[in-house]
Amino acid sequence: MEQSRAIPVDVDTAFARTLPIPLPTIFCRWYGPIAPVRAVRDQTGDWAAVGQTRTVEQVGAGSMREELTVVDPPNSFGYTLTDIAGPLAPLVDHIDGRWLFEPVGTGTSVTWRWTVHPRSGLASAALPVFEALWRGYARQGLEQLSVELLR
């Protein structure tokens, strides 16, 4: 699953300001049943180096452990979400996420991609519905990222 948005800033700026941005800043609204990020805890220093971990807490009971797995400035960074708790737990075992930054016109195409690894065969049957909801959540997050990058 992926969602993209063109943002009128250069690639270096888009990458450099997206990687460390506080998650509650861009994932601050509900999208249907998908909760906003309430807080990030257990993070040491800036979010910048492969191997760093943190816990992402959503409004309500959701949480997950995030590990930064790839940092390739200014092209991309990636992470893995594990220890998923809350509403996604019965559906998802883990998620590989990636943010991609590519020049487009006078700005940057920012793509947020998720590869969801379902917990079971039964859970995989529900992924198309989850994907439709996630695309809306991602679109909303990218809109907020654009606002932040243009400040």
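The values are calculated or read from the model by the stated rules, or taken from the named source; none is laboratory data. As the structure is a computational prediction, the values presented were derived from the model and not from experiment. Here Cβ is always computed from backbone atoms with ideal geometry, including for glycine, and neighbour counts include all displayed protein chains. When the accessible area is computed, the model is the full protein with side chains, heavy atoms only, and any ligands, DNA or RNA have been set aside. Shrake-Rupley method; radii C 1.70, N 1.55, O 1.52, S 1.80 Å.
Of the set (1) under 23 Å from residue 140 (Cβ atoms); (2) within 14 Å of the chain's Cα centre (by Cα), all apply to residue 65 but (1). As a summary of the residue check, residue 124 satisfies the conditions (1) open to solvent by 30 Å² or more (accessible area, probe 1.4 Å); (2) at pLDDT 95 or above except for the one numbered (2).
Confirm whether residue 148 is of a type in the set (Asp, Glu), in contact with a strand residue (DSSP E or B) (Cβ under 9 Å, 6 or more places away or on another chain), assigned to a helix (DSSP H, G or I) and within 22 Å of residue 10 (Cβ to Cβ). Taking the combined requirement at face value, the residue does not satisfy it. Of all residues in the range 114-136, those that are touching a residue at least 60 places away in the same chain (Cβ under 8 Å) have Cβ atoms under 7 Å from Cβ atoms of residues that are part of a strand (DSSP E or B) and of a type in the set (Ser, Thr, Tyr), 6 or more apart or on another chain, in 133/31; 136/31. Could you say whether any residue in the range 28-39 is modelled with pLDDT of 95 or more, open to solvent by 60 Å² or more (accessible area, probe 1.4 Å), basic (Lys, Arg) and not in a loop (DSSP other than H, G, I, E, B)? Yes; the residues of the range 28-39 include at least one that is modelled with pLDDT of 95 or more, open to solvent by 60 Å² or more (accessible area, probe 1.4 Å), basic (Lys, Arg) and not in a loop (DSSP other than H, G, I, E, B).
Return yes or no: is residue 21 open to solvent by less than 30 Å² (accessible area, probe 1.4 Å), part of a loop (DSSP other than H, G, I, E, B) and either closer than 25 Å to residue 147 by Cβ or β-branched (Val, Ile, Thr) (or both)? When the stated conditions are applied, residue 21 passes them. Remark: residue 108 matches the filter, which requires a residue to be in contact with a helix residue (DSSP H, G or I) (Cβ under 6 Å, 6 or more places away or on another chain), assigned to a strand (DSSP E or B) and on the phi < 0 side of the Ramachandran plot.
In the range 90-105, the residue that is farthest from residue 43 (Cα to Cα) out of those that are open to solvent by 30 Å² or more (accessible area, probe 1.4 Å) and in a strand (DSSP E or B) is 104.
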